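The values are calculated or read from the model by the stated rules, or taken from the named source; none is laboratory data. Everything numeric in this text was worked out from a predicted model, so none of it was measured. Cβ coordinates were reconstructed from backbone atoms using ideal geometry, including for glycine residues, and neighbour counts include every protein chain displayed.
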Amino acid sequence: MKDEQKLLINIKKKKRGSLEDIIDLYTPYVSVIVYNVIGSVMTKEDIEEVVSDVFISLWNHSENLDNNKGCIRTYIGATARNLAKNKLRKAIVCDELNGSIPAFDSEPDKLFEAKEEQEIFINLIRELGEPDSEIFIRYYYYEEKISQISKITCVCISTVKTKLARGRKHLKKILLQKKEVQ
């Protein structure tokens, strides 16, 4: 947590490079939060826009951050959820006003099935709980190194490896059970 305190001090002083350091460190975390809120209904570009807005908000409000209350991770986590929910609300209101219906590809059944499978897999990863789901997503989705994940999540390297192995085993077990049912 010492590094986060240093980042907090630097961002409050608007030091050059401080925002880039925070973006490098927390983009996967923010992306997971935003995806969990709007990923099933919005485009990749919408998700990226909200993620960017989170870091812009951090920069614009950095002088108001309290050194004693929470941390950068807490602030950007809450901001990510709120901005994603606001984006979703705006989209729903616009769709209702325009009477628009989402366009489907030429094969809507395949699109629906792919989206459904993706949601099932994301929900299974969420069931791993924190910090396991974050570790899993950082390693397999963002292809981060175990040492980097260990540093970011404050979990020792051997524990990260164990959590990845147990996560794979757990997901495999559940997927096999689902196949047996079908």
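Side notes on the structure shown:
- Verdict on GLY39 being crowded, with 18+ Cβ neighbours inside 10 Å, modelled with pLDDT under 85 and out of contact with any His (no Cβ under 6 Å at 6 or more places or on another chain): yes
- Only one of SER150, SER106, SER133 that is of a type in the set (Gly, Ala, Ser) and at pLDDT below 70: SER106
- Residue match in segment 80-95 (condition: over 27 Å from CYS154 (Cα atoms), modelled with pLDDT under 80, of a type in the set (Lys, Arg) and in a helix (DSSP H, G or I)): yes
- Checking SER52 against (1) under 14 Å from the mean Cα position of the chain (by Cα); (2) more than 21 Å from ASP3 (Cα to Cα); (3) buried (at least 16 other Cβ atoms within 10 Å of the Cβ), the condition it does not meet: (3)
- In segment 55-79, the residue that is surrounded by the most Cβ atoms within 10 Å (Cβ to Cβ) out of those that are of a type in the set (A, V, I, L, M, F, W, C) and at pLDDT 85 or above is ILE76.
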